[in-house]
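Reading through the structure tokens given below for one structure.
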């Protein structure tokens with residue numbers, strides 16, 4: 001019976017993030033710095049709006065692409081805050097950024113089409129491409145200071161190249177694509193008629209000046225998708241709310257993909273999402289900024305090399321000096337030190353691990369103390 005399944009499902013990989021989080025839970029006393037899960041509760045004004053919707057019996061079907069008031073709010077938010085102009089009709093409210101990415105990639109790919117993914121990258125992209133029967137082409141940016149260079153990009157072009165996925169700030173590195181990288185992608189996409197899918201879910205969590213998104217290029221709006229999520233900036237991971245902004249000419253068929261996958265997002269969450277866009281997450285962001293500074297100082301004290309994390313809430317230190325692959329390193333660290341991190345192999349970089357700093361100060365201190373003890377043990381045994 002197994003052999004009668006859709007063959008695309010056989011190549012899918014279980015998320016190592018979830019796997020190592022599970023191992024942490026099964027290990028008594030283990031400190032986990034694995035999930036990108038804010039330790040904050042969703043802010044009270046957002047929760048209260050959802051509660052009011054339930055009390056008002058707003059529990060029935062809504063428009064497939066999301067309540068119009070929310071789509072209008074999203075278009076206003078993107079224009080006022082980021083200068084990205086779009087109509088409410090271009091907005092599809094999705095079940096998190098995950099569904100938005102699925103709709104965009106599934107919607108544009110034919111079997112055999114190639115998608116360029118700058119690596120290290122979130123594993124989700126490759127798995128969605130597989131389901132759409134596309135082909136992932138990895139662009140290794142670890143040797144160019146985690147930036148995209150024009151010649152490297154051009155070297156991957158084939159007649160089947162269909163899209164490129166950008167994630168800035170990046171998960172797992174926390175790095176931000178500079179203007180040279182963005183211009184390289186712009187020229188590449190414009191000259192070769194390639195779609196650009198911008199996963200900007202960490203845009204509200206940037207700790208430096210001068211951030212730019214690819215979506216600022218107005219002359220390629222006809223091939224640019226914007227993927228966003230309410231999960232990270234507003235501590236709404238469990239709500240599963242996000243949105244996709246598509247080029248005008250592609251909206252209708254892609255909204256049909258969304259319709260036949262989830263019908264619509266939950267009715268009681270529409271007004272809560274509107275309220276979220278009016279909420280200033282500055283307090284959450286400042287907490288992450290302080291935690292970032294603390295973790296960065298500790299990792300530097302341990303002489304661990306890592307890319308400069310200017311956004312999101314991840315750090316990606318190198319473990320190359322210890323001579324272990326990332327899975328072995330992380331398994332040993334759980335069993336010998338009681339600390340869980342995510343191995344870099346699942347992001348396409350086996351000589352790194354990912355640490356997350358959206359945890360409490362006490363948990364971060366304890367976790368980093370355990371990391372320091374573990375690498376000290378490894379150094380003494382060399």
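The values are calculated or read from the model by the stated rules, or taken from the named source; none is laboratory data. Computed from a predicted model, the values in this text were never measured in an experiment. We place every Cβ from the backbone using ideal geometry, glycine too, and count neighbours over all the protein chains shown.
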If only one of 233, 169 is outside any strand (DSSP E or B), on the phi < 0 side of the Ramachandran plot and in contact with a strand residue (DSSP E or B) (Cβ under 7 Å, 6 or more places away or on another chain), which one is it?
169
Restricting to the stretch 74-102, count the residues that are in a helix (DSSP H, G or I) and farther than 13 Å from residue 228 by Cα.
7
With the structure loaded, tell me whether residue 270 is assigned to a helix (DSSP H, G or I), in the same structural domain as residue 224 (by TED's automatic domain parsing) and free of Cβ contacts under 8 Å to residues at least 12 places away in the same chain or whether it fails that test.
no
Select from the stretch 36-73 the residues that are over 30 Å from residue 173 (Cα atoms), assigned to a helix (DSSP H, G or I) and touching a helix residue (DSSP H, G or I) at 6+ places or on another chain (Cβ under 7 Å) and list them in ascending order.
45, 49, 50, 53, 54, 68, 69, 70, 71, 72, 73
When you check residue 112 against the structure, is it at positive phi, assigned to a loop (DSSP other than H, G, I, E, B), touching a strand residue (DSSP E or B) at 6+ places or on another chain (Cβ under 9 Å) and touching a residue at least 60 places away in the same chain (Cβ under 8 Å), yes or no?
no
Against the definition (under 17 Å from the mean Cα position of the chain (by Cα) and modelled with pLDDT of 95 or more), how does residue 144 come out, yes or no?
no
Residues that are part of a loop (DSSP other than H, G, I, E, B) and in contact with a helix residue (DSSP H, G or I) (Cβ under 8 Å, 6 or more places away or on another chain), drawn from the stretch 175-198
177, 193, 194
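If we keep just the residues of the stretch 207-229 that are closer than 26 Å to residue 290 by Cβ and surrounded by fewer than 18 Cβ atoms within 10 Å (Cβ to Cβ), which is modelled with the lowest pLDDT?
We begin by selecting, within the stretch 207-229, every residue closer than 26 Å to residue 290 by Cβ; these are 207-213, 228-229.
Next, from what is left, pick out any that are surrounded by fewer than 18 Cβ atoms within 10 Å (Cβ to Cβ): 208-212.
Values: 208: 94, 209: 92, 210: 89, 211: 95, 212: 96.
Only one residue fits best here, namely 210.
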Filter the stretch 342-382 for residues that are part of a loop (DSSP other than H, G, I, E, B) and closer than 20 Å to residue 325 by Cβ and give the result.
348, 349, 350, 351, 382
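Among 34, 92, which is the only one that is under 30 Å from residue 359 (Cα atoms), surrounded by 15 or more Cβ atoms within 10 Å (Cβ to Cβ) and in contact (Cβ under 8 Å) with a residue 24 or more places away in the chain? Talk me through it step by step, then tell me what you get.
On the way: 92 fails: under 30 Å from residue 359 (Cα atoms).
Within the list 34, 92, the selection yields 34.
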In the stretch 63-88, which residues are surrounded by 20 or more Cβ atoms within 10 Å (Cβ to Cβ) and more than 28 Å from residue 212 (Cβ to Cβ)?
65, 67
On the basis of being touching a helix residue (DSSP H, G or I) at 6+ places or on another chain (Cβ under 8 Å), farther than 30 Å from residue 151 by Cα and surrounded by fewer than 21 Cβ atoms within 10 Å (Cβ to Cβ), does residue 249 make the cut?
yes
